[in-house]
Amino acid sequence: MRRAQSFETNDGTILNVDMAGEGVSAIFQHGLCGDAAQTDEVFPRETGYRRVTVEARGHGRSRAGNLEQLSISTFCDDIAAYIEKNLAVPVVIGGISMGAAIALRLAVKRPDLVNALIIARSAWLTASAPDNMAPNAEVGRLLKTLPPDEAKQAFLAGPVGVRLAAEAPDNLASLAGFFSRTPLDVTAELLTRISNGGPDVTDADVRNLALPTLVIGHDHDSIHPLSYARALAARIAGARFVQITPKTESRPQYVADFRLAVGNFLKEL
């Protein structure tokens, strides 16, 4: 059963914290412009862990706060503050896409808070503004310069939209949905600021990680390249890599594979 609580950040921004399950808390974060429904779908049930998703600023039921503060670094600091105030440390930290970047940064910057790491469908390695995030940045740019309907038409008819329609329809469907996501000004800022940022860690930081790590990836995904998942798994000593079914082939199988990979990892900790 899902339940929620409010959390006030160090600068007074009110965030929503979504939880499900019973047992030891595991922080599991959603992707860019997503919410706790994304994490709830794929986190396994009855593992002895309670899934805790701190919906990031401007996401789900959380307030956006100062738009200039929207960044992976800020989101990471918010989660660190939540852990310190509410949970017994260390904890499992993980996430999908942007959530994976947040988890990676937290594991590097605050190793005292983290005892295991789950990186799923990573959209970043260590560099900021990777090419694969350019479509998200383009949606944000169009939302800032055109009315929503015109912006959507321009994106779908443009080279990026046409390419994704052929190569990664699931990515395209997610991006198309952003044109109706409200509030539009917050969505535009999130897409541009997060896409042009990154976890702000180095390759050396990643190679120095020494904790149980699961890396999940799949193909047919232009925003979350399978090569990124393989590269991160290779850089983190002892990391386990699991390739799962892409949503474009079968969403039910994607969910089942995801839950199985995470469940097996958690049971072995």
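Every number in this text was worked out from the coordinates using simple rules, so none of it is lab data. These numbers come from a predicted model, not from an experiment. Methodologically, a virtual Cβ is constructed for each residue, glycine included, from the backbone with ideal geometry; neighbour enumeration extends over all protein chains shown.
Relative contact order for the range 159-269 using alpha-carbon pairs under 8 Å, separation at least 6, rounded to a whole percent?
Values: 100 pairs, mean separation 26.9, N = 111.
RCO, the range 159-269: 24 percent.
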Residues Thr213, Thr13 in order from fewest to most other beta-carbon atoms within 10 Å are Thr13, Thr213
Expressed in nanometres to one decimal, the distance between label points 7 Å along Cα→Cβ at Met1 and Leu260 is 3.1 nm
Of all DSSP beta bridges having both residues in the chain, the percent classed as antiparallel (nearest 5) is 35 percent
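Using just the alpha carbons, could you tell me how many Å³ per residue the convex hull of the range 201-259 encloses? It would help to have the intermediate numbers written out before the result.
Working: hull volume 4.8 nm³, N = 59.
With only Cα atoms used, the range 201-259 gives 81 Å³ per residue.
Provide the percentage of antiparallel DSSP beta bridges, counting only those with both residues in the range 3-94; round to the nearest 5. Display every interim value, and only then the final one.
Numbers: 10 of 17 bridges.
Around 60 percent of the beta bridges assigned by DSSP in the range 3-94 are antiparallel ones.
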Fewest-first ordering of Ser25, Ser62, Ser250, Ser174 by Cβ atoms within 10 Å yields Ser250, Ser25, Ser174, Ser62
Rounded to one decimal in nm, the spacing of the 7 Å Cα→Cβ label points at Leu156 and Asn115 is 4.9 nm
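In the neighborhood of Glu55, defined by Cβ-to-Cβ distances under 13 Å, what is the net charge if each Lys or Arg adds +1 and each Asp or Glu adds -1? Numbers along the way, then the final one.
On the way: positive: Arg2, Arg51, Arg57, Arg61, Arg63; negative: Asp18, Asp35, Asp40, Asp78.
Neighbourhood net charge equals +1.
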With label points set 7 Å from each Cα along the Cα-to-Cβ direction at Gln253 and Arg163, the distance between them in nm comes to 2.7 nm
Cβ-Cβ cut-off under 12 Å around Ala239, Lys and Arg +1, Asp and Glu -1: the net charge is +4
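For the range 41-78, which trypsin sites (Lys or Arg not before Pro) pass both filters: DSSP loop (anything but H, G, I, E, B) and at most 14 other C-beta atoms within 10 Å?
The qualifying sites are Arg45, Arg61.
What is the projected area of the convex hull of the Cα atoms of the range 172-219, averaged over all directions, in nm²?
Values: hull surface 21.7 nm².
So the Cα hull casts an average projection of 5.4 nm².
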Computed over the Cα atoms of the range 133-192, the Rg and Dmax in Å are 10.3, 30
Read-out volume of the Cα convex hull per residue in Å³, candidates (1) 121; (2) 222; (3) 111; calculated match is (3)
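What whole-number value in cubic angstrom gives the convex hull volume per residue for the C-alpha atoms of the range 93-139?
Values: hull volume 3.1 nm³, N = 47.
With only Cα atoms used, the range 93-139 gives 67 Å³ per residue.
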Counting only residues 5 or more apart in sequence or on a different chain, those whose built amide H sits under 5 Å from that of Phe28 are Val52, Thr53, Val54, Gly94
Binned at 10 Å from zero, the C-alpha pair distances of the range 1-84 give percents of 19, 54, 24, 3
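Please list 120-126, 195-201 highest first by mean number of surrounding beta-carbon atoms within 10 Å per residue. Don't jump to the answer; show the numbers that get you there.
On the way: 120-126: 25.4, 195-201: 21.1.
Ranking the peptides 120-126, 195-201 by packing returns 120-126, 195-201.
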